[in-house]
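Contents: one structure, followed by commentary.
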Amino acid sequence: MKDSLTQGDVLAAIAHIARSLMASAETLRELDAAIGDGDLGITMTVGFQAVLDELPSLEGQDMANILMKSGMAFNRKAASTFGALFATMMMRAARAVRGVQAIDLPTLAAMAQAAVDGVRERGKADVGDKTMLDALVPAALELAKAAGEEVSLAEGVRRAVAAAEEGMRATIPMKSRVGRASWFAERTQGVQDPGATAIYLMLKALYEYISA
């Protein structure tokens, strides 16, 4: 179990997240097909393979560059709405770790909030619109709360995973209000949002790495 993440840990954690999301590509494709065009599975496979291909060249670089270049690699190979938002999350999170040698819980909370701010600005959405923010926002809030309580990194991320899962489940009865999915608003009701699901799976994979 890790109390903080070093530069090497960041590389390893991103690799674990990438492989976990690629393994869940079919689940995400099915959710996306139910409310949209069903291309999210391919986006995950292509985008995260690009991240895995990029990681060896990032060894020895600082955390900000690792995060930023990972996000850019994803969107370069899998340009899409999700790709643009993922790149935005990573680049905003990178700003929060400039000059940082190890990521502790307060730093991770700052990274999550920066990611939230970026997605809000780029996607023009918020909680309740049935997007990734329905999982990302409660997770960021839980990380900030846990940091204030000075719990361990693993415990803080565990709580964030639980908050993201609750937010993800809460999207099921919602109707999509932004983006392409909003064209099929009635059809989206009763289906879990794929973007929120992806955020939950990312956080779950991060917790798996930290708690191992």
Q) Would you say THR88 is under 14 Å from the mean Cα position of the chain (by Cα) and of a type in the set (Val, Ile, Thr)? A) yes
Q.
Please go through (1) touching a residue at least 40 places away in the same chain (Cβ under 8 Å); (2) assigned to a helix (DSSP H, G or I) for GLU26 and return the number of the only condition it doesn't satisfy.
A. (1)
Q | Which numbered condition LEU141 misses (of (1) of a type outside the set (Gly, Ala, Ser); (2) assigned to a helix (DSSP H, G or I); (3) within 25 Å of ASP37 (Cβ to Cβ)) | A | (3)
Q: Evaluate the following for ASP117: is it acidic (Asp, Glu), farther than 20 Å from ALA205 by Cβ and under 17 Å from the mean Cα position of the chain (by Cα)?
A: yes
**Q.** Hits in segment 109-132 - residues which are in contact (Cβ under 8 Å) with a residue 60 or more places away in the chain and either in contact with a Gly (Cβ under 8 Å, 6 or more places away or on another chain) or in a helix (DSSP H, G or I) (or both)
**A.** THR131, MET132
**Q.** Residue within segment 74-88 that is under 25 Å from MET44 (Cα atoms), at pLDDT 95 or above, crowded, with 21+ Cβ neighbours inside 10 Å and touching a Pro at 6+ places or on another chain (Cβ under 6 Å) present
**A.** no
Q) What are the residues in segment 40-73 that are of a type in the set (A, V, I, L, M, F, W, C) and either part of a loop (DSSP other than H, G, I, E, B) or touching a Leu at 6+ places or on another chain (Cβ under 7 Å) (or both), if any? A) LEU40, MET44, PHE48, LEU55, LEU58, ILE66
Q | Index of the failed condition, ASP37 passing every other in (1) in a helix (DSSP H, G or I); (2) under 18 Å from ALA196 (Cβ atoms); (3) not small (Gly, Ala, Ser) | A | (1)
**Q.** Where ARG92 falls short, out of the listed (1) in a loop (DSSP other than H, G, I, E, B); (2) crowded, with 17+ Cβ neighbours inside 10 Å; (3) not hydroxyl-bearing (Ser, Thr, Tyr)
**A.** (1)
Q) Just one of the numbered conditions (1) among the basic types (Lys, Arg); (2) within 20 Å of ALA25 (Cα to Cα); (3) part of a loop (DSSP other than H, G, I, E, B) is not true of ARG76; which one? A) (3)
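The values are calculated or read from the model by the stated rules, or taken from the named source; none is laboratory data. Quantities reported herein were computed from a predicted structural model and do not represent experimental measurements. Here Cβ is always computed from backbone atoms with ideal geometry, including for glycine, and neighbour counts include all displayed protein chains.
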